[in-house]
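Note sheet for the following structure.
The values are calculated or read from the model by the stated rules, or taken from the named source; none is laboratory data. The structure presented is a predicted model; accordingly, all values stated were derived computationally and were not measured. FYI the Cβ positions are ideal-geometry reconstructions off the backbone, even for glycines, and counts take in every protein chain you see.
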Amino acid sequence: MGNKKMNISTFIGCDKSYEEASLVLFGVPFDGTTSFRPGTRFAMQAIRTDSYGLETYSPYLDRDLENIAVFDGGDLDLPFGNTEKVMDIIFEYSRDVLNDGKKFLMVGGEHLVSLSSIKAAYEKYPDLHLIHIDAHTDLREHYLGEKLSHASVIRNCHEFLGDGRIFQFGIRSGLKEEFEWAKEHTYLEKFSLDTFAEKMDELADVPVYITIDLDVLDPGVFPGTGTPEPGGISYRDLLGAIGHMQKLNQIVAADVVELSPPYDPSGASTAVACKTVREMLLTLGE
Ligand SMILES: [Mn+2]
């Protein structure tokens, strides 16, 4: 039997048991409310497969996945077509991980999945602050009559987080009413992440959740997504922001959402997502 191993696929370097791990990676293959181009349900599997093209070492952060204990929990089993049940399953998984004293990095799926994981983080850490990197405001009260929608995820988070707790960057698309609403209730930087570093100084000592919608990147860098939005940031800009996240002393969890492999025939967008997942694991890991 010597060199025979079980056929288990994990993200590269994430091969610790749940008990050993301080950080849990899991996928949420849900794209049930996607309004334009579905396919994000396939993201985590594509990211796992393509992660073997990555090194475990990051020269940006000078850290190595080999030195942190990460459990890859696979993808959640979800009943497609029942959005509320899906939201419950994500909430319970996220809550259990946090209650076991671990952090998590969740990979979507469409952005709605973040509502449940952020809510779980808020219940554990009532002083939670949210960093939201995205092309889209996601501040609609309803979308096509649905309150539970990827287009309203941050607005839903505001219902429990309240004013002054949400920090949005890179935003370049939304209704006029959403931008107006944001002026009263969130911090919102349009188009870029120029103020990211100074905001990280302000948030250095409070519990923080970070949600990264990869469509914040320019479609030239990241075309493989459901709702591409021209005029986005470069990958260098995103790496710079991740560098500034190192100032945060209490990141409790994070997510990376909206890779859609069916719109990524070259594999370039999946490579971008893989590298972002590695950098975020290294940011969360200790
Ligand atoms: Mn978006």
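Restricting attention to the stretch 193-206, which residues are more than 18 Å from the chain's Cα centre (by Cα) and surrounded by 14 or more Cβ atoms within 10 Å (Cβ to Cβ)?
ALA197, LYS199, LEU203, VAL206 - these are the residues of the stretch 193-206 that are more than 18 Å from the chain's Cα centre (by Cα) and surrounded by 14 or more Cβ atoms within 10 Å (Cβ to Cβ).
Restrict the check to the stretch 119-131 and report whether at least one residue is modelled with pLDDT of 95 or more and within 12 Å of the ligand (Cβ to nearest atom).
For the stretch 119-131, residues modelled with pLDDT of 95 or more and within 12 Å of the ligand (Cβ to nearest atom): absent.
In the stretch 133-146, is there at least one residue being touching an Asp or Glu at 6+ places or on another chain (Cβ under 7 Å), away from the ligand (no atom under 15 Å from the Cβ) and in a loop (DSSP other than H, G, I, E, B)?
no
If GLY145 meets every condition in (1) out of contact with any strand residue (DSSP E or B) (no Cβ under 7 Å at 6 or more places or on another chain); (2) buried (at least 24 other Cβ atoms within 10 Å of the Cβ); (3) of a type in the set (Gly, Ala, Ser) apart from one, which number is that one?
(2)
Which members of the stretch 147-156 meet the condition of being more than 17 Å from VAL216 (Cβ to Cβ) and either touching a Ser or Thr at 6+ places or on another chain (Cβ under 7 Å) or away from the ligand (no atom under 16 Å from the Cβ) (or both)?
Within the stretch 147-156, LYS147, LEU148, SER149 qualify.
Can you pull out the residues in the stretch 207-240 that are away from the ligand (no atom under 13 Å from the Cβ), assigned to a helix (DSSP H, G or I) and either surrounded by 24 or more Cβ atoms within 10 Å (Cβ to Cβ) or of a type in the set (Asp, Glu) (or both)?
Listed by number, the residues that qualify are ASP237, LEU238.
From ALA151, ALA135, ALA182, grab the single residue that is surrounded by fewer than 24 Cβ atoms within 10 Å (Cβ to Cβ) and touching a residue at least 12 places away in the same chain (Cβ under 8 Å).
Unique residue meeting the criteria: ALA182.
Identify all residues within the stretch 246-263 that are away from the ligand (no atom under 16 Å from the Cβ) and assigned to a loop (DSSP other than H, G, I, E, B); write none if there are none.
GLN246, LYS247, LEU248, ASN249, GLN250
Within the stretch 154-175, track down each residue that is crowded, with 24+ Cβ neighbours inside 10 Å, over 15 Å from the mean Cα position of the chain (by Cα) and assigned to a helix (DSSP H, G or I).
ARG155 - this is the single residue of the stretch 154-175 that is crowded, with 24+ Cβ neighbours inside 10 Å, over 15 Å from the mean Cα position of the chain (by Cα) and assigned to a helix (DSSP H, G or I).
Is it the case that LEU98 is buried (at least 17 other Cβ atoms within 10 Å of the Cβ), within 16 Å of the ligand (Cβ to nearest atom) and outside any loop (DSSP other than H, G, I, E, B)?
no
Under 8 Å between Cβ atoms, at least 6 apart or on separate chains: pull out the pairs that start in the stretch 264-286 with a residue that is under 15 Å from TYR52 (Cα atoms) and end on any residue that is among the polar types (S, T, N, Q) and part of a helix (DSSP H, G or I).
From residues that are under 15 Å from TYR52 (Cα atoms), the pairs are CYS274/SER51; VAL277/SER51; ARG278/SER51.
Taking the options LEU144, LEU148, name whichever one is more than 19 Å from the chain's Cα centre (by Cα) and among the hydrophobic types (A, V, I, L, M, F, W, C).
Result of the check over LEU144, LEU148: LEU144.
So, in the stretch 265-276, of the ones that are away from the ligand (no atom under 16 Å from the Cβ) and in contact with a helix residue (DSSP H, G or I) (Cβ under 6 Å, 6 or more places away or on another chain), which residue ends up farthest from PHE42 (Cα to Cα)?
For the stretch 265-276, the residue satisfying everything is CYS274.
Which of the residues that make up the stretch 75-95 are under 20 Å from ALA151 (Cβ atoms) and either of a type in the set (Gly, Ala, Ser) or crowded, with 22+ Cβ neighbours inside 10 Å (or both)?
GLY81, VAL86, ILE90, listed by residue number.
Might you check whether a residue that is surrounded by 23 or more Cβ atoms within 10 Å (Cβ to Cβ), touching a residue at least 24 places away in the same chain (Cβ under 8 Å), of a type outside the set (Asp, Glu) and more than 25 Å from PRO223 (Cα to Cα) occurs anywhere in the stretch 43-61?
No: zero hits.
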